[in-house]
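Everything on this sheet refers to the single structure shown next.
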Amino acid sequence: MNTTNPDGSPHRRPRGFAAAATTNTNPRVSSSRKEREKEKERTKLRERHRRAITSRILAGLRQYGNFPLPARADINDVLAALARNAGWTVHADGSTFRHSTSCSKLAVYPGRSVEIASPASLDRIDSHDCLETDQLIQEEHNVDHGLNFTETAYVPVYIVLGTGLINKFCQLMDRDAVRKELRLLKSLHVDGVFVDCWWGIVESSGPQQYCWSGYRELFNIILEFELKLQVGIAFHEYVGNDSGGIPIPLPQWVLDIGNENKDIFFTDREGRRNTECLSWGIDKERVLKGRTGAEVYYDVMRSFRTEFDDMFIEGLITSVEIGLGPSGELKYPSFPEKMGWIYPGIGEFQCYDKYMQQNLHKTSNQCGYTLWARGPENAGNYNSQPHETGFFCEQGDYDSYYGRFFLNWYTRFLITHADTILSLATLVFEEIQIVVKIPSVYWWYKSASHAAELTAGYYNPGNRDGYSALFEVLKKYSVTVKFICSGVHLSSDGNEALADPEGLTWQVLNSAWDNGLTLAGQNALLYNDKEAFMRLTETAKPVNDPDHRHFAFFTFQPSPERTICFSELDCFIGCMHGNVDISSNPCWFC
């Protein structure tokens, strides 16, 4: 074999592109390589499909069976949990056995047993003979729970006071009405009340000109009734019905800046600006009279802490909720009704202001994907459904290389915002309990993409856990996670939105608990029926949880019209406090 060139120099083996050009001359080799690449892609698709199915199995077991499965459970954990539930003994090394084999029936649900079927008989099972899931759940509730909450965990209850109590000049409007409502709440044995302090009222006169006089007077009246107080620092606008028909916008000096620089607000693909709250893209941009968005929030929090230092010392203020987005919830404003959104629309991505776009360009360049510095072009509009879009449909672009890059960046921006603001809040409210509100975006939860969650900033498709990464950050600051509980139950029959409020609730709760976080709850809407209140109570302190975990407190939000059926509320508070047996005391109706 000749190892030298004609000129006598040693022969060198070609490398890199030269080697590729040399070795790829054989068409059979090239074809074989392409086939291997295709097989790798098919394997990846099968693996993603497998993980999606596993995720749904885990969600179902947690939701319908309250199985104590870890956040990153695998198939071994599932098999072990099912075996233990069926009466088998499963050791840590996988050894599985039964102490007695004489029984031919396994008790699966209370009052019902299922015979063990042979493999041959499985083909003869008629699907019409199987019990519907909803029926099984209802039977389990009726037999096991019995609507009896006596001797269960004590969950404190706070009532949200009306927003219209304080006018735009930070003055308390009707002292007699406040005392009357507090007197009624006191008679119901509530633990305390929740009050929002609005940025648009407090700093309305100008930058760093704060006024807390109305809130000071309100807090003093609350102190007279010896009620505890939770406070929310609301950095968003308010357009609800319980403020006397008068909206509470952001401070006027901020809106004036927005008239000159519209990019301080969240922006959708069509360029429409949302003035509900400031874009997270300016958290570190000095565009607010020389201050960044984060510095403005910090100054408000510091002013509040200084103003009410005496009440913190006396223990009147038990916790402070930090508003991190629209409605005070940590989410993008992807479902704005003023833009025409109607449930169950998937919403739109809110990342088209110039500051977020600059960050997207920077991130894509750092990753070496310059062409990916853009938002999805086929994600539909506010009221689209997943199957109507190329991005959110089954096997859509949300699961492509570009889709995964964009969604990772989008959710990371949300997590970074929370990290930035909470790092400042912990400096201000040292040793004070800080609360963060997490939304319940449950529509399209049963679809593969979870489209509504994606536009809201939670990268939680069927094959991925979209909450653990956030909860790991929140754990750094020892915050309490307040989850918005829908209190509704939707059957699968005729559910066009593929909604699953219970499935989402149990995923979020288990993920938070697995990350060692303290949980609290708040109702999204008031539903004046017994079953809705029952579901809220059972969510606050799950009966079948083997670790006996429960909410630290529950914040009750009355209807916007402030119409409260006090007998219902009294019964609900009694259940939360663990001293009411509804089955023997049907007090839930006016």
Set of lysines with alpha-carbon distance to LYS289 below 24 Å, sequence-local pairs under 8 removed: LYS168, LYS262, LYS354
Lysines whose Cα lies under 22 Å from that of LYS34, excluding same-chain neighbours fewer than 8 positions away: LYS44
Violating pairs (Cα-Cα greater than 29 angstrom) within the set LYS362/LYS446; LYS228/LYS437; LYS437/LYS530: LYS362/LYS446
Region 265-410: translational diffusion in µm²/s, Stokes-Einstein, Kirkwood Rh over Cα pairs, 25 °C, 0.890 mPa s: 140
Hydrodynamic radius of region 200-239 per Kirkwood, over alpha carbon pairs, in Å: 11.9
Cβ-Cβ FRET estimate between THR96 and THR54, R0 fixed at 30 Å, reported to 0.05: 0.90
Paramagnetic reach from SER205 in region 164-178 [backbone N under 13 Å; point 7 Å along Cα→Cβ]: 169-171
Solvent-accessible area per residue, Å², over region 177-256 with all protein chains present [probe radius 1.4 Å]: 40
Span from the region 355-429 Cα centroid across to the region 161-225 one, whole angstrom: 38
Region 153-194: C-alpha pair distances exceeding 11 Å, %: 69
FRET efficiency, SER32 to TYR401 (Cβ-Cβ, R0 22 Å, nearest 0.05): 0.35
Square roots of five times the Cα gyration tensor eigenvalues for region 343-492, Å: 27, 22, 12
Accessible surface, per residue, of region 304-418 when the full set of protein chains is kept, probe 1.4 Å, Å²: 42
Placed amide H near PHE265: partners under 5 Å, 5+ positions off or other chain: SER279
Neighbour cut-off at most 14 other Cβ (10 Å), DSSP loop, chymotrypsin sites (Phe, Trp or Tyr not before Pro), region 347-426: TYR369
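The values are calculated or read from the model by the stated rules, or taken from the named source; none is laboratory data. None of the values given here were measured: they were computed from a predicted structure. Ideal geometry is used to build each Cβ from the backbone, glycine not excepted, and the neighbour counts take in all protein chains shown. Only protein heavy atoms, including side chains, enter the accessible area calculation; ligands, DNA and RNA are left aside. Shrake-Rupley method; radii C 1.70, N 1.55, O 1.52, S 1.80 Å.
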